[in-house]
Amino acid sequence: MKAYQKEFIEFAIERGVLKFGEFTLKSGRTSPYFFNAGLFNKGSDLARLGRFYAAALVDSGISFDVLFGPAYKGIPIATATAVALYDHHQQDTPYCFNRKEKKDHGEGGNLVGSALEGKVMLVDDVITAGTAIREAMEIVQANGAELSGVLIALDRQEKGKGELSAIQEVERDFNAQVVSIVSLNDVITFLKDDDTFKEYLPKVEAYRAEFGVA
Ligand code: OMP
């Protein structure tokens, strides 16, 4: 685990975003940890979050034309990432997001911001089983755009529909790379070294053994 990844996990715990306990996921799985990106809810959080996303993106070296943040949670993340790319990496990147409701007046259409065309970097919070990403992909495809990559904060490294991880399925099905700031393996590495949170390690490891990918 790199220093910035440990720093990100500490930041998420400090803000109550990464929690340990018992949680029911969208997929129906009961998880001993949960990552609620909605709790990055202050200006300073968003500024810092944007820097982590931008750093992971620049590190990945993937080229793209536009950032796309699917509603709702992807919207502030894509926005913060665009700001950080400009402020800290001298990259002035177009970005857009969708609205979930249909709009029949004003600017029209379901997309706001830059055009969703060319090579798209899809920005979101977490991938578990890949359902949310697949929904967002439908919007990318409906616009005739091409997926370059997916950028998320946490890769839970869980099985998707079969034995592959949800991310491996997304990479295979859409021919795109998935980049995450941290993964479940990083969370486990962190727990092993942390006296305060070590007690959660057995449950998180057991969860990985059941739902994780090899
Ligand atoms: P999938 O659609 O199964 O990939 O789950 C991803 C979505 O689940 C996220 O966009 C969140 O809405 C939610 N989620 C979290 O936010 N944090 C977690 O740690 C786990 C989930 C989840 O329900 O799997």
- Item | Failed condition for residue 120, given (1) more than 12 Å from the ligand (Cβ to nearest atom); (2) in a loop (DSSP other than H, G, I, E, B); (3) crowded, with 20+ Cβ neighbours inside 10 Å | (2)
- Message: Would you confirm whether or not region 163-178 contains a residue that is of a type in the set (Val, Ile, Thr), under 18 Å from residue 64 (Cα atoms) and in a strand (DSSP E or B)?
- Response: yes
- Note on the structure: Only one of 173, 195, 186 is away from the ligand (no atom under 12 Å from the Cβ) and modelled with pLDDT of 95 or more, namely 186
- Identify the residue in region 126-147 that is part of a strand (DSSP E or B) and either in contact with a helix residue (DSSP H, G or I) (Cβ under 6 Å, 6 or more places away or on another chain) or of a type in the set (D, E, K, R) (or both) and, among all such residues, is surrounded by the most Cβ atoms within 10 Å (Cβ to Cβ). 127
- Task: Among the candidates 150, 182, single out the residue that is of a type in the set (A, V, I, L, M), part of a strand (DSSP E or B), buried (at least 18 other Cβ atoms within 10 Å of the Cβ) and touching a Phe, Trp or Tyr at 6+ places or on another chain (Cβ under 6 Å).
- Result: 182
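The values are calculated or read from the model by the stated rules, or taken from the named source; none is laboratory data. None of these values were measured; they are calculated from a predicted model. Neighbour counts are summed over all protein chains in view; Cβ atoms, including those assigned to glycine, are modelled from backbone coordinates with ideal geometry.
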